[in-house]
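The values are calculated or read from the model by the stated rules, or taken from the named source; none is laboratory data. Bear in mind that the values here come from a model prediction, so they are computed numbers and not experimental data. So basically every Cβ, Gly included, is an ideal-geometry build from the backbone, and we count neighbours across all protein chains shown.
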């Protein structure tokens, strides 16, 4: 068992050495060249695929670290929206990749892996080969194949030292038995040291979670207050009025049937109005189509409600969790309403898809564009930009680690893409 | 006239049964869930079905799906769908087969017994009963539509009532005009919207709805 582990560690070490010397070195130098090409423009084309390749390369190493030594190396790539089509989208995407600290960590690790990583990985194999050499050498020396050779610190010219060679070989093999798995682990520890995000980033992540949680709590408290107010001033008041009318009717029904009949009509109107108000309230809390059909059809129903033609494409193979579904629905609703109000558009479109564990919805319009996503803390509207509630939307999505990307050149068209990491469950039971 | 009724809330189901019976309908079956409704529609072969969109066990659009499936099995089976909310999306699905005998109303409409019973009878006879809210949604969507903008306010009123599925006689009494006047308005409307004229009430309604739903 132990021997097997030692041999496996040796073989894996040799494989990793080769990979580090060739793969890491190649990726590192190519990325450097690509970064150097940024000023002349070509780098914007070559860098994103190289970074993506490096990520996959590092991810593979993370997997091996876990499978071979049980070491977990956390992966903390920032969630990125899919690049928008066109050159500007590519540059934007490249910029996002370069701003992600994980990208730079991986680049540094490539260099370390090439040097220290390959060396530590090489040792287990070296120990095994060296140990066996201690047994093979004396035979070759006695047969006269080798005359002048140095085995570690033993010389072939001295028969005593030749006799000691197997002893040293055995010692080296014993060392391999003890140290090989540990050496392989050391290789991955080096990788972990350079790939793991520093504590400061974790702290930032915690701060972000705290912030989004506050936002979520604030938003739901505000929502509850609004519902309470609406019920209090609306349906509740109408029911009181109805009860009063019914009481009066009871008193009048024999004395003044005509008047009683009039009041019955009024009570009916009150109940109809109460129902309408409740219906609108329900739509604002959780739209019935969303409950009945899910996001797909809810967005289609929403599109039909818009005063402008809205083309809806894409189908989701299942349903996201209810909170995600609701957040996505209200985001789309707000984006469409915004476009109708401010964009001066003639048509709009919505595209939905779910891929690689992410729900992605794009909402576009052919309006005047110029919508900007204000940077945090700079207020809602920027110079010349269309006033937008996008910041609030981003906060709402933030609760689900969702993100928002806006492409809206002045003159249009505007394309807002939102992405929420989520799994789909329970394929729809609906037949349509 | 035999009715199959599907409504999961006891109070509403009870009220509907009493109302329908008061107007001489025979309740063939009154059920409170989707599977029972499917079975009742299959076995009872009613003259008309009154169905709530949302039914157990899934509490999604089970009732609507049942109604649509039953109409696929038996084209033209009269179905009046009731709901707490109306959606153009659902209306479109109900009207898609173009065979008529379809109603889609807000539950509020049962407040007015006469109107509601009129709608049930209309649907049972192969006509259409669309909720005014559906029509309002359709019209507001087409507010930029040129042919629609050319209608006079009176013609728009007639168009709305016609789209709800009402006959010329009903429209005339509602607007307090003569039937001849309504007939004149309708032919004007069909002219302006460039729809082929038709004397058949039902086909006329479907043509208007199809026009409004386009685009």
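Of the residues making up segment A:356-394, not one is more than 19 Å from residue A:413 (Cα to Cα), at pLDDT below 85 and in contact with a helix residue (DSSP H, G or I) (Cβ under 6 Å, 6 or more places away or on another chain). Per the listing A:246, A:263, A:252, the residue uniquely assigned by TED's automatic domain parsing to the domain that holds residue A:220, without any contact (Cβ under 8 Å) to a residue 12 or more places away in the chain, more than 25 Å from residue B:136 (Cβ to Cβ) and touching a helix residue (DSSP H, G or I) at 6+ places or on another chain (Cβ under 9 Å) is A:252.
Scan the helices (runs of 4 or more DSSP H) fully inside segment B:78-167 and keep the ones with 1 or more residues being away from chain A (no Cβ under 11 Å) and on the phi > 0 side of the Ramachandran plot. Per the criteria, no element qualifies.
Within segment A:275-296, track down each residue that is facing chain B (nearest Cβ under 10 Å) and either touching a strand residue (DSSP E or B) at 6+ places or on another chain (Cβ under 9 Å) or surrounded by fewer than 19 Cβ atoms within 10 Å (Cβ to Cβ) (or both).
Of segment A:275-296, the ones facing chain B (nearest Cβ under 10 Å) are A:275-276, A:278-280, A:282-283, A:287-289, A:291-294.
A:275, A:276, A:278, A:279, A:280, A:282, A:283, A:288, A:291, A:292, A:293, A:294 - these are the residues of segment A:275-296 that are facing chain B (nearest Cβ under 10 Å) and either touching a strand residue (DSSP E or B) at 6+ places or on another chain (Cβ under 9 Å) or surrounded by fewer than 19 Cβ atoms within 10 Å (Cβ to Cβ) (or both).
Residue under question is residue A:299, and the condition is that it be more than 14 Å from every other protein chain (Cβ to nearest Cβ), crowded, with 17+ Cβ neighbours inside 10 Å and touching a residue at least 24 places away in the same chain (Cβ under 8 Å); does it hold? Here the answer is no, as residue A:299 does not meet what is asked.
Flag: residue A:9 does not match the condition of being outside the structural domain of residue A:416 (by TED's automatic domain parsing), without any contact (Cβ under 8 Å) to a residue 60 or more places away in the chain and either surrounded by 18 or more Cβ atoms within 10 Å (Cβ to Cβ) or more than 30 Å from residue A:177 (Cβ to Cβ) (or both).
When we screen A:128, A:146 for residues that are farther than 30 Å from residue A:356 by Cβ and not in a helix (DSSP H, G or I), the only hit is A:146. Considering only residues in segment B:56-76 that are surrounded by fewer than 20 Cβ atoms within 10 Å (Cβ to Cβ) and assigned to a loop (DSSP other than H, G, I, E, B), the one that is nearest to the other protein chains (Cβ to nearest Cβ) turns out to be B:58. Residue B:3 meets the conditions (1) under 24 Å from residue B:164 (Cα atoms); (2) more than 10 Å from chain A (Cβ to nearest Cβ); (3) assigned to a loop (DSSP other than H, G, I, E, B) in every case but one. The failed one is (3).
So, residue B:37, is that one within 12 Å of chain A (Cβ to nearest Cβ), more than 17 Å from residue B:116 (Cβ to Cβ) and more than 13 Å from the chain's Cα centre (by Cα) or not? Full working, then the answer.
Numbers: within 12 Å of chain A (Cβ to nearest Cβ): no; more than 17 Å from residue B:116 (Cβ to Cβ): yes; more than 13 Å from the chain's Cα centre (by Cα): yes.
It is false that residue B:37 is within 12 Å of chain A (Cβ to nearest Cβ), more than 17 Å from residue B:116 (Cβ to Cβ) and more than 13 Å from the chain's Cα centre (by Cα).
Taken over segment A:271-317, the criterion of being within 21 Å of residue B:141 (Cβ to Cβ), in a loop (DSSP other than H, G, I, E, B) and touching a helix residue (DSSP H, G or I) at 6+ places or on another chain (Cβ under 7 Å) is satisfied by A:287, A:306, A:307, A:308.
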